[in-house]
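Asks: My questions will all concern the structure given below.
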Amino acid sequence: MGTRTVYPDTNCQYAYKTDRASFLRRIQLKAEELWMDGYRVRPMGEANTFLVYREVEGLEAGYKVNPVTGTCTCKFLTDQYQYPLDLADPGKIIPCKHLKGLKRLIDEEVGYFKGLEHQARQHPHNEGSRRRADGYSVTWAALQLAWVEAMAAKRRAA
Ligand SMILES: [Zn+2]
């Protein structure tokens, strides 16, 4: 009871067991391509927590990613509580692409809004452009600050 191995294996358990290297490589690759795959990121109200979502799916379908606790609400990660990937080390959690790719995605998002700000600043005499530029700058600065704060919290927790 309780400690019995769950059969049949989930797809992830099977992939991890049969070809761990390419399984992990695929996660890394997907992590690096989040932005290209249409993912976006924004800070949430909660400390150290970011909402990673796809624009086509909307905010509601997004995942809450916390780089300090190493948690994410996606199925890949939460499934591991019930179906550990490493049966020799069931407490081990393999980070999902959202966790692994978070820093890079934030850099992309910040760069995107900096670009928009730069464009809007080309028209300093246009009141609307100026307001938009200020809005973009507030957006990327808040995201960048949330990341810096999360990394400081992570260092304190280490
Ligand atoms: Zn995830």
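The values are calculated or read from the model by the stated rules, or taken from the named source; none is laboratory data. Worth saying up front: this structure is predicted, and the values here are computed from it rather than measured. Cβ atoms come from the backbone with ideal geometry, glycine included; neighbour counts cover every protein chain shown.
Residues are listed down the side, and each one gets a yes or a no for (1) closer than 29 Å to Gln144 by Cβ; (2) within 12 Å of the ligand (Cβ to nearest atom); (3) touching a residue at least 40 places away in the same chain (Cβ under 8 Å):
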residue: Cys12; (1), (2), (3): no, no, yes
residue: Tyr16; (1), (2), (3): no, no, yes
residue: Phe23; (1), (2), (3): no, no, no
residue: Trp35; (1), (2), (3): yes, no, yes
residue: Glu57; (1), (2), (3): yes, no, no
residue: Ala61; (1), (2), (3): yes, no, no
residue: Thr69; (1), (2), (3): yes, no, no
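Asks: Let me ask something else about it. Looking at region 1-21 only, could you name the residues that are exposed (fewer than 11 other Cβ atoms within 10 Å of the Cβ) and at pLDDT 60 or above?
Replies: Within region 1-21, the subset exposed (fewer than 11 other Cβ atoms within 10 Å of the Cβ) is 1-5, 7-8, 11, 18, 21.
Residues satisfying the conditions are Pro8, Asn11, Thr18, Ala21.
Asks: Can you give me the number of residues within region 22-47 that are surrounded by fewer than 13 Cβ atoms within 10 Å (Cβ to Cβ) and more than 23 Å from Leu85 (Cα to Cα)?
Replies: Adding up the residues that qualify gives 6.
Asks: Right, another one. Can you report the number of residues in region 48-70 which are crowded, with 20+ Cβ neighbours inside 10 Å and within 23 Å of Arg156 (Cβ to Cβ)?
Replies: Selection size over region 48-70: 5.
Asks: Would you confirm, using the coordinates I've provided, whether Lys100 is in contact (Cβ under 8 Å) with a residue 40 or more places away in the chain and either among the basic types (Lys, Arg) or within 17 Å of Trp35 (Cβ to Cβ) (or both)?
Replies: It is true that Lys100 is in contact (Cβ under 8 Å) with a residue 40 or more places away in the chain and either among the basic types (Lys, Arg) or within 17 Å of Trp35 (Cβ to Cβ) (or both).
Asks: For the condition at pLDDT below 95 and either over 16 Å from the mean Cα position of the chain (by Cα) or over 24 Å from Arg104 (Cα atoms) (or both), what is the one hit in Ala141, Ala153, Ala133, Ala157?
Replies: Answer to the selection: Ala157.
Asks: State which residue is nearest to the ligand (Cβ to nearest atom) when the search covers only region 84-109 and only residues that are assigned to a loop (DSSP other than H, G, I, E, B) and either buried (at least 16 other Cβ atoms within 10 Å of the Cβ) or polar (S, T, N, Q) (or both).
Replies: Cys96
Asks: Quick one: in region 49-69, of everything that is part of a loop (DSSP other than H, G, I, E, B) and under 16 Å from Leu105 (Cα atoms), which residue is modelled with the lowest pLDDT? Spell out how you get there, then give the answer.
Replies: Applying the first criterion (part of a loop (DSSP other than H, G, I, E, B)) to region 49-69 yields 49, 55-58, 62, 67-69.
The next check asks that each one be under 16 Å from Leu105 (Cα atoms); those that pass are 49, 55, 62, 67.
Working: Thr49: 98, Glu55: 92, Gly62: 97, Pro67: 97.
Step by step, filter region 49-69, then rank; the result is Glu55.
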